[in-house]
Amino acid sequence: MSVDHQTSGEASFLEPRILAPFLITALIWGSTWIAIKYQLGDVPPSWSVTWRFTGAAIGMFVFAAFKRLPLVPDRKGLIVAAVMGCSVFSLNFQFVYRSEQYITSGLVAVLFALLLVPNTILARLFLGQRITRGFLLGTAIALAGIALLMLHEYRIALAQNAVMGSKVIIGGLMVMIALMFASVGNVVQASPMARGQSVPTLLAWAMMIGATVDGTIAWIISGPPQFDFTLAYAGGAAYLAIVGTVVTFPMYNGLLRALGPGRAAYNGVLVPVVAMLISTAFEGYRWSLLAGSGAALAMIGLVVALRARSPSR
């Protein structure tokens, strides 16, 4: 499914060609956080990341070939793909997967929704994009909500034992590091150097480079390749590679073209809500007034921040 090219002011969320991919990507990405949780066990996290993007790279190359797109980008495209591969599809996910060994997938998703913060700061520094007062206000509200969620999670962990309390802090810090790597890749994609590149081809090469880096890291840290042939693990790896990556990235790129990055980023508000609901069902995430208030503030803050940004292409 794709979205035709239009200026951001022409498209409406209520149009089926916009609403359908918007909801599909949010639902799928909201579910990937719990799928990552089931990738953690006997197989080291670094190898799990490697298998995901190896499969995704193959799938994206097949997609590019099916669309009869060039399979090799130009020199600028290769540079962009290399930066994306190392930042987004390698180091970012290396920390994301490890963070879920310490905190729930729902909380990881909420924290990751704050990707808007480093994205905007780096875009201001390197692309000259303006930061509005409304964005600063929304960010402050969202940060307050995230702080309440972290406090809720920390209290539960601390009630179990002191060691668990420290795990919440470690998991949160890992997500923050992951955010920075993801943000670098996002800003590079918005740079003039990335314009004019075939998106599927660019993604295919970025995923292939990322998988290569992931495999190198995995071999150094965890030794020779490891894989779990159980249905839960293998099925989860396939779901993350094909559905969570190959299916969603082209659709989201279509939303970016039709709505502009500002309006398309509303997807990030819905994703953590889906993830926390799934976490409640499968991980026993325990809601409280503190957690509910935090989630509400986080969502309100993100909406305020996103609405404050003028749609752009």
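The values are calculated or read from the model by the stated rules, or taken from the named source; none is laboratory data. Just so it is clear, the structure is predicted and the values come from calculations on it, not from any experiment. Because the Cβ atoms are built from the backbone with ideal geometry, glycine has one as well, and the counts that use them run over all protein chains shown. Side chains are part of the model used for accessible areas, which takes the heavy atoms of the whole protein and leaves out ligands, DNA and RNA. Shrake-Rupley method; radii C 1.70, N 1.55, O 1.52, S 1.80 Å.
Residue by residue, here is whether (1) in a helix (DSSP H, G or I); (2) open to solvent by 10 Å² or more (accessible area, probe 1.4 Å); (3) at pLDDT 85 or above; (4) aromatic (Phe, Trp, Tyr) holds:
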site	(1), (2), (3), (4)
GLY244	yes, no, yes, no
VAL269	yes, yes, no, no
THR280	yes, yes, no, no
ILE300	yes, yes, yes, no
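Take LEU290 and tell me if it is in a helix (DSSP H, G or I) and modelled with pLDDT of 85 or more.
Working: in a helix (DSSP H, G or I): yes; modelled with pLDDT of 85 or more: yes.
Answer is yes for this residue.
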Long-range neighbours under 8 Å by Cβ, at least six apart or interchain, first residue more than 18 Å from ASN253 (Cα to Cα) within region 22-35, second hydrophobic (A, V, I, L, M, F, W, C) and open to solvent by 50 Å² or more (accessible area, probe 1.4 Å) = ILE34/PHE282
Lone qualifier among ALA204, ALA211, ALA232, ALA218 - being open to solvent by 40 Å² or more (accessible area, probe 1.4 Å), of a type in the set (A, V, I, L, M) and assigned to a helix (DSSP H, G or I) | ALA232
Which listed residue, of ALA178, ALA123, ALA81, ALA144, is touching a Gly at 6+ places or on another chain (Cβ under 8 Å), part of a helix (DSSP H, G or I) and modelled with pLDDT of 75 or more | ALA144
Listed by first then second residue, the pairs whose first member lies in region 112-139 and is in contact (Cβ under 8 Å) with a residue 24 or more places away in the chain and more than 15 Å from MET176 (Cα to Cα), whose partner is open to solvent by less than 30 Å² (accessible area, probe 1.4 Å) and part of a loop (DSSP other than H, G, I, E, B), with beta carbons under 7 Å and at least 6 positions apart or on separate chains, are LEU127/SER191
For region 63-83, does any single residue satisfy the condition of being under 22 Å from the mean Cα position of the chain (by Cα) and under 22 Å from GLY223 (Cβ atoms)?
-> no
Looking at (1) surrounded by fewer than 23 Cβ atoms within 10 Å (Cβ to Cβ); (2) within 30 Å of ALA281 (Cβ to Cβ); (3) not hydroxyl-bearing (Ser, Thr, Tyr), which is the one condition that is false for GLY128?
-> (2)
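Filter region 73-86 down to the residues that are open to solvent by 10 Å² or more (accessible area, probe 1.4 Å) and of a type outside the set (Asp, Glu), then identify the one that is nearest to VAL188 (Cα to Cα). Break it down stepwise before answering.
Step one: filter region 73-86 for residues open to solvent by 10 Å² or more (accessible area, probe 1.4 Å), giving 73-76, 78-79, 82-83, 86.
Retained after the next criterion (residues that are of a type outside the set (Asp, Glu)): 73, 75-76, 78-79, 82-83, 86.
Numbers: PRO73: 16, ARG75: 15, LYS76: 11, LEU78: 12, ILE79: 10, ALA82: 10, VAL83: 8, CYS86: 12 Å.
My answer is VAL83.
Do we have ASN119 as out of contact with any strand residue (DSSP E or B) (no Cβ under 6 Å at 6 or more places or on another chain) and surrounded by 24 or more Cβ atoms within 10 Å (Cβ to Cβ) here?
Details: out of contact with any strand residue (DSSP E or B) (no Cβ under 6 Å at 6 or more places or on another chain): yes; surrounded by 24 or more Cβ atoms within 10 Å (Cβ to Cβ): no.
Against the criterion (out of contact with any strand residue (DSSP E or B) (no Cβ under 6 Å at 6 or more places or on another chain) and surrounded by 24 or more Cβ atoms within 10 Å (Cβ to Cβ)), ASN119 does not qualify.
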Would region 98-114 turn up any residue that is part of a helix (DSSP H, G or I), modelled with pLDDT of 90 or more and either open to solvent by 50 Å² or more (accessible area, probe 1.4 Å) or of a type in the set (Lys, Arg) (or both)?
-> yes
Identify, by number, the condition in (1) open to solvent by less than 20 Å² (accessible area, probe 1.4 Å); (2) part of a helix (DSSP H, G or I) that THR54 doesn't meet.
-> (1)
Given the residues MET176, MET193, MET180, MET208, which is the only one that is within 21 Å of LEU116 (Cβ to Cβ), touching a helix residue (DSSP H, G or I) at 6+ places or on another chain (Cβ under 6 Å) and touching a residue at least 12 places away in the same chain (Cβ under 8 Å)?
-> MET180
